[in-house]
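Below is one structure, written out as structure tokens; comments come after it.
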Amino acid sequence: MHELARALADQLHPGAAPRDVTVSFGARRQAPVEYRSRGRGGPVAVYAQALHAALYGLPTPDESLPTALDALLQATHTATAPEQKTAVLRQVAEQLRNAVEIIQRYQYRAQWDQFPTDVAEQLATAHDQAQQIAQALDRVAPAFSHQPTTPRTQPAHSRSATTPVASGQTSAPHHR
């Protein structure tokens, strides 16, 4: 499967990492109308997995989402259905729970190996924060299963001092 993803990525640029490449499918103008009205796209690794399963008769899960965070980022860009958006948030929450376990193991290791106290303390803080973020994502994910019927705006006076105000420019670069 990885070879398929690499071969597909190489079609864009030889040596391109599959995690950095997305694919897009559409029909040519001469195709029947029923084919031209739809298009699909997404992370090349996801399509390689589906292609691999189709070629070799392997089962494919209905809601297959990548588990790597960089692939989930790509899935975020291509998720259009409300259920897909919810599934992506739930998968991110699950990955954060995995991160919580990893952080905790390193926290214990830092204590066992008698690293400076602040190392274990910072890992404990990171552990707690990752756990809180995962729980918050679990709470908000269902909201993305339904498209809001009317856009809601929050009054300016009720925003907290830490809530960023949307502007035409982004202040931080996007990580991919």
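Here's the picture: charge each Lys and Arg Cβ at +1 and each Asp and Glu Cβ at -1 in region 1-44, and of L12, Q30, P43 the one pushed furthest to the positive end of that dipole is Q30. Taking Lys and Arg as +1 and Asp and Glu as -1, the other residues whose beta-carbon sits under 13 Å from that of F144 total +1.
Residues whose amide H lies under 5 Å from that of V23, counting only those 5 or more places away or on a different chain, are G42, V44; hydrogens are built 1.01 Å from N in the peptide plane. In order along region 44-51, the Karplus-derived 3J(HN,Hα) couplings, from 6.51 cos²θ - 1.76 cosθ + 1.60 at θ = phi - 60°, round to 4, 5, 5, 5, 5, 5, 5, 5 Hz, and Gly and Pro are given as x. Electrostatic bookkeeping for E101 treats Lys and Arg as +1 and Asp and Glu as -1; over the other residues with beta carbon under 13 Å from its beta carbon, the sum is +2.
Readers should treat all values here as calculations from the given coordinates under stated rules, not as data from a laboratory. Small disclaimer: the values here were computed from a predicted structure and weren't measured. No Cβ is skipped: glycine too gets one built from the backbone with ideal geometry, and neighbour counts run over all protein chains shown.
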